[in-house]
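The values are calculated or read from the model by the stated rules, or taken from the named source; none is laboratory data. The structure presented is a predicted model; accordingly, all values stated were derived computationally and were not measured. Because the Cβ atoms are built from the backbone with ideal geometry, glycine has one as well, and the counts that use them run over all protein chains shown. Side chains are part of the model used for accessible areas, which takes the heavy atoms of the whole protein and leaves out ligands, DNA and RNA. Shrake-Rupley method; radii C 1.70, N 1.55, O 1.52, S 1.80 Å.
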Amino acid sequence: LQHMVMSFRVSELQVLLGFAGRNKSGRKHELLAKALQLLKPGCSPAVQMKIKELYRRRFPRKILTPSDLSMLHVQAGQLPSAAALTPGAVLHQAPPAVPAALLPPAPLLGPKHETDVPRLPPPVHPVHPDVKMKRLPFYDVYDELIKPTTLASTNGQRFEEAHFTFALTPQQVQQILTSRDVLPGAKCDYAVQVQLRFCLCETSCPQEDYFPPNLFVKVNGKLCPLPGYLPPTKNGAEPKRPSRPVNITPLARLSATVPNTVVVNWSSEFGRNYSLSVYLVKQLTSVTLLQKLRAKGIRNPDHSRALIKEKLTADPDSEIATTSLRVSLMCPLGKMRLIVPCRAITCTHLQCFDAALYLQMNEKKPTWTCPVCDKKAPYDNLIIDGLFMEILNSCTDCDEIQFAEDGSWCPMKPKKEKQEV
């Protein structure tokens with residue numbers, strides 16, 4: 001059956017997947033991976049018959065020549081060839097010859113008999129719902145290897161299991177292998193990675209990573225390490241894993257000839273479904289993100305001046321008029337002088353933090369929280385403040401400044417340190 005499926009063209013793969021109630025959109029290698037997934041143990045007799053029928057239509061019986069027989073011995077027990085999984089590869093040149101004796105008797109094919117084959121009911125959950133994953137600042141997505149797919153509760157059991165396959169093209173294998181970065185004494189890391197992500201099956205907005213409970217993942221038969229559990233916050237609370245993408249490159253088969261398998265186990269919850277997806281991504285460093293932030297440009301100083309005037313405009317209801325505003329030139333994260341002053345456009349304070357430090361911290365542990373006001377400060381919302389750049393460049397010996405109502409500023413002289421006895 002596997003050889004038959006491997007010899008199908010796009011049209012036959014689509015007919016087969018449609019018959020089995022699966023999604024039949026995608027490029028050839030995706031269709032092939034989905035079709036091969038139908039063959040896993042427990043493959044329904046109806047699907048098996050459909051494969052044989054499509055195969056017989058594609059290659060009407062021919063008399064076997066001695067060379068065909070020798071060809072068959074070579075192919076038995078051999079893995080699919082490189083051509084088989086390359087998208088767009090010409091598969092119809094040499095169909096695997098199967099001796100007539102091994103095939104079941106051909107039923108009379110015709111419109112009448114088509115209807116006799118029992119049709120499979122379509123799966124309850126769409127295979128590819130319109131789930132979108134949130135973009136991660138530290139990764140550029142090159143390709144979608146498995147589109148977001150519902151991890152549906154199928155058997156009503158406490159523990160569920162789902163199987164997936166994906167195949168890499170020769171170009172993708174090349175991209176991964178050439179991104180290898182080996183530091184002396186360090187383990188081999190690839191900048192281009194195969195990334196596995198989980199989220200809630202929710203289509204209203206882009207989803208953040210979210211692990212199903214009691215999750216276990218096996219890639220090509222090996223258990224995949226997941227982020228460690230966080231210490232429980234309150235007594236009796238179940239420990240939680242920090243949800244983040246999982247790099248499965250070390251377990252992936254970096255070959256264009258053998259598909260990769262992913263087996264997922266999790267415990268089902270009533271009324272809550274999850275989604276799984278796999279991507280080919282390039283990991284970026286905080287240095288690259290800082291360059292991208294600088295390339296976005298520096299925000300016009302007038303923005304900050306307007307903010308100062310707004311903050312210092314006398315409020316008629318207030319008893320005390322605020323006439324000046326003190327701001328520190330030290331970064332609240334590293335307690336060092338600011339170098340690249342930045343904040344999120346959503347922040348209402350003038351105080352800045354240092355972009356390089358902030359990005360390094362989020363590279364280690366992505367929280368994207370403003371260190372000044374604790375509100376969300378995602379990468380796409382960061383701006384470099386032009387007014388603070390001017391101030392830092394012109395005022396090198398003080399750590400604090402004072403803004404006046406008209407937006408002008410003056411350095412605050414450090415208080416004379418009392419002599420320590």
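Looking only at residues in region 5-29 that are in contact (Cβ under 8 Å) with a residue 60 or more places away in the chain and in a helix (DSSP H, G or I), the one that is surrounded by the most Cβ atoms within 10 Å (Cβ to Cβ) is His29.
Taking region 334-347 as the range and being under 33 Å from the mean Cα position of the chain (by Cα) and farther than 21 Å from Lys296 by Cβ as the test, only Gly334 passes.
For Phe164, indicate whether it is farther than 22 Å from Gln283 by Cβ, under 16 Å from the mean Cα position of the chain (by Cα) and of a type outside the set (Ser, Thr, Tyr).
Numbers: farther than 22 Å from Gln283 by Cβ: yes; under 16 Å from the mean Cα position of the chain (by Cα): yes; of a type outside the set (Ser, Thr, Tyr): yes.
In short, yes.
If you go through region 138-169 and pick out every residue that is in a loop (DSSP other than H, G, I, E, B), closer than 16 Å to Arg197 by Cα and open to solvent by 70 Å² or more (accessible area, probe 1.4 Å), you end up with 0. Taking first residues from region 345-374 that are under 23 Å from Leu312 (Cα atoms) and without any contact (Cβ under 8 Å) to a residue 40 or more places away in the chain and partners that are open to solvent by less than 40 Å² (accessible area, probe 1.4 Å) and of a type in the set (D, E, K, R), the Cβ contacts under 6 Å between residues at least 6 apart in sequence or on separate chains come to Cys352/Arg343; Cys352/Asp385.
Pick from Leu307, Leu280, Leu289, Leu276: which is in a helix (DSSP H, G or I) and modelled with pLDDT of 95 or more?
Details: Leu307 fails: modelled with pLDDT of 95 or more; Leu280 fails: in a helix (DSSP H, G or I); Leu276 fails: in a helix (DSSP H, G or I).
From the options Leu307, Leu280, Leu289, Leu276, the qualifying one is Leu289.
So in region 239-267, with the set limited to residues that are free of Cβ contacts under 8 Å to residues at least 12 places away in the same chain and in a loop (DSSP other than H, G, I, E, B), which one is farthest from Asp181 (Cα to Cα)? Only one residue tops the list, namely Pro239. Residues in region 250-309 that are among the small types (Gly, Ala, Ser), open to solvent by less than 80 Å² (accessible area, probe 1.4 Å) and closer than 25 Å to Glu363 by Cβ: Ala252, Ser277, Ser286, Gly297.
Per-residue answers, yes or no, for (1) over 15 Å from Leu290 (Cβ atoms); (2) surrounded by fewer than 19 Cβ atoms within 10 Å (Cβ to Cβ):
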position: Cys347; (1), (2): yes, no
position: Cys352; (1), (2): no, no
position: Leu357; (1), (2): no, no
position: Lys365; (1), (2): yes, yes
position: Thr369; (1), (2): yes, yes
position: Asp374; (1), (2): yes, yes
position: Leu387; (1), (2): yes, no
